[in-house]
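Written out below as structure tokens is the structure these notes cover.
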Amino acid sequence: MNQRPVKSAQQLIDSLESLANPEQALLSLRYMKSAPGDYAFGDQFLGVKMGPIRDLAKTYRNLPLSEVLLCLHSPWHEVRSCALVIWTLQFAKATAEQQQTIYRDYLANTDFINNWDLVDISTPKIVGLYLLDKPRNDLYQLVKSDVLWQRRIAVLACFPMIRNGESTDILKLCEVLLEDKEDLIHKACGWMLRELAKRNQAIVEQFLQDHYSQINRTQLRYAIERFEPELRQRYLKGQF
């Protein structure tokens with residue numbers, strides 16, 4: 001019986017390139033802030049939406065690690081996105097040893113995880129899940145990075161921990177990032193505080209009160225989004 005041929009990175013890239021849409025690519029370039037002077041300047045887009053990317057990731061979910069890495073190193077944003085979705089699918093079914101390999105390769109290749117969507121679709125499902133029952137030292141190294149995306153990885157990795165009822169790490173990381181200059185970090189911290197508030201609003205309120213003079217307004221608005229309207233207005237006015 002003939003064996004099914006092993007899929008390759010080039011086959012996946014060819015499949016994505018066949019779906020290219022120049023008009024959508026231009027919209028993506030603007031939306032993802034990849035023009036000169038923007039935070040993701042230089043990123044390149046095929047113009048493929050997330051639905052087809054996820055479908056292809058399922059088709060290529062058994063792509064060998066070396067081939068996934070080739071895709072992750074692609075100049076095309078959508079190819080990198082597909083590689084990361086494949087990793088999340090593989091991680092979910094992997095042995096402990098395989099998960100460790102994916103985790104290590106993920107952190108070794110953060111230069112290619114270089115926009116907010118790439119971080120958000122992959123970090124919680126790989127870094128966050130891996131660290132649920134392990135020391136979080138890597139997060140405290142990432143949060144000190146000069147690279148915006150590495151700091152966002154540190155924050156988004158806390159999502160599974162928050163869902164697991166934990167609050168210590170996200171509060172410590174948000175405190176470290178209070179003076180951060182990047183809007184995408186304020187939004188990430190505010191988002192995670194909002195998720196924490198769904199489970200423990202009192203601890204988020206205490207954090208906001210303790211750091212009210214430092215906290216960015218964007219982060220504050222994200223954090224209190226689910227508060228009762230009257231309470232939300234009080235926090236916006238600093239009346240608590």
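Going residue by residue through the stretch 120-137, is there one that turns out to be modelled with pLDDT of 95 or more, of a type in the set (S, T, N, Q), more than 24 Å from PRO75 (Cα to Cα) and part of a loop (DSSP other than H, G, I, E, B)? No, every residue in the stretch 120-137 fails to be modelled with pLDDT of 95 or more, of a type in the set (S, T, N, Q), more than 24 Å from PRO75 (Cα to Cα) and part of a loop (DSSP other than H, G, I, E, B). Residues that are in the same structural domain as ALA20 (by TED's automatic domain parsing), buried (at least 23 other Cβ atoms within 10 Å of the Cβ), more than 11 Å from the chain's Cα centre (by Cα) and not charged (D, E, K, R): does the stretch 95-110 have at least one? Checked the stretch 95-110: no residue is in the same structural domain as ALA20 (by TED's automatic domain parsing), buried (at least 23 other Cβ atoms within 10 Å of the Cβ), more than 11 Å from the chain's Cα centre (by Cα) and not charged (D, E, K, R).
When restricted to residues that are within 21 Å of GLU179 (Cβ to Cβ), within 29 Å of the chain's Cα centre (by Cα) and not hydrophobic (A, V, I, L, M, F, W, C), the stretch 220-239 contains 3.
Among the residues making up the stretch 2-36, a single one is small (Gly, Ala, Ser), more than 13 Å from LEU46 (Cβ to Cβ) and modelled with pLDDT of 95 or more: ALA9. Tell me, which residue of the stretch 42-89 that is basic (Lys, Arg) and surrounded by fewer than 18 Cβ atoms within 10 Å (Cβ to Cβ) is farthest from GLY128 (Cα to Cα)? My answer is LYS49. VAL48 meets all of the listed conditions (1) modelled with pLDDT under 95; (2) out of contact with any Gly (no Cβ under 8 Å at 6 or more places or on another chain) but one, namely (1).
For (1) closer than 18 Å to ARG221 by Cα; (2) more than 13 Å from the chain's Cα centre (by Cα); (3) surrounded by fewer than 21 Cβ atoms within 10 Å (Cβ to Cβ), each residue gets a yes or a no:
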| site | (1), (2), (3) |
| --- | --- |
| TRP149 | no, no, no |
| ARG163 | no, yes, yes |
| LEU178 | yes, yes, yes |
| HIS186 | yes, yes, no |
| TRP191 | yes, no, yes |
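Taking the criterion of being in a loop (DSSP other than H, G, I, E, B) and of a type in the set (Asp, Glu), the only residue of the stretch 42-90 that qualifies is ASP43. A Cβ distance below 8 Å, combined with a sequence gap of six or more or placement on separate chains, defines the contacts here; from the stretch 92-105, residues that are part of a helix (DSSP H, G or I) reach residues that are among the charged types (D, E, K, R) and surrounded by 12 or more Cβ atoms within 10 Å (Cβ to Cβ) in the pairs ALA92/LYS125.
The values are calculated or read from the model by the stated rules, or taken from the named source; none is laboratory data. All values derive from a computational prediction rather than experimental measurement. Because the Cβ atoms are built from the backbone with ideal geometry, glycine has one as well, and the counts that use them run over all protein chains shown.
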